[in-house]
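The values are calculated or read from the model by the stated rules, or taken from the named source; none is laboratory data. Note that the structure is predicted; figures quoted are calculated from it, not measured. Neighbour counts run over all protein chains shown; Cβ positions are idealised from the backbone, glycine included. Side chains included, ligands, DNA and RNA excluded: accessible areas come from the protein's heavy atoms. Shrake-Rupley method; radii C 1.70, N 1.55, O 1.52, S 1.80 Å.
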Amino acid sequence: MAQVYYTTNDFESIPKDLLNELDNMGMDDSLILTVPEGNYFNVLYNLGKKDFDLSGKKVGFLTGGYGTTKSDKKTYFTIERDRWTSNYPPSPGVLYIFDAAQKEKSGGYDAAIVYWSKRIVPIKEVVKVLKKKG
């Protein structure tokens, strides 16, 4: 069964050594999260290693008012670095962790992060948007 998680409220809940790595996150076009990127999201969404580890996982990013505009980790982390240096909280978002059927239907994504959306996007719609090319 799929799982849904919400962001924490502030950067203070994220370990300083991980925040010091923020400048090195989102530097490539890969859909696979690096270990620091995965660790950042693991903490941001309060995932325990027993729950799910996002490091090395294929993650899609969606944004926009309706949460259906494709984005990428470069854009996400550019915004996140700006928010951190400006003393704003992390970007509000929702993490969707897919079950096996949703992973297959989405095109192989393990999870998706929908950020800066005005609504909670149904997981079925997240899967459908990720499946579309482009």
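What the table below lists for this structure:
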| item | result |
| --- | --- |
| Filtered residues of segment 21-67 (kept if assigned to a helix (DSSP H, G or I) and open to solvent by less than 50 Å² (accessible area, probe 1.4 Å)) | L22, P36, E37, G38, N39, Y40, F41, N42, V43, L44 |
| Test: residue in segment 52-62 that is over 15 Å from S91 (Cα atoms), among the hydroxyl-bearing types (S, T, Y) and in contact with an Asp or Glu (Cβ under 9 Å, 6 or more places away or on another chain) | yes |
| Cβ pairs under 6 Å, 6+ apart, first in segment 63-78 and on the phi > 0 side of the Ramachandran plot, second small (G, A, S) and at pLDDT below 95 | G67/S117 |
| Single residue of segment 1-20 satisfying the filter (of a type outside the set (A, V, I, L, M, F, W, C), assigned to a loop (DSSP other than H, G, I, E, B) and open to solvent by 70 Å² or more (accessible area, probe 1.4 Å)) that is nearest to W116 (Cα to Cα) | N9 |
| Restricting segment 75-111 to residues that are closer than 22 Å to K128 by Cα and of a type in the set (K, R), the residue that is most open to solvent (accessible area, probe 1.4 Å) | K105 |
| Residues of segment 100-122 classified as part of a helix (DSSP H, G or I), out of contact with any helix residue (DSSP H, G or I) (no Cβ under 8 Å at 6 or more places or on another chain) and not basic (K, R), total | 3 |
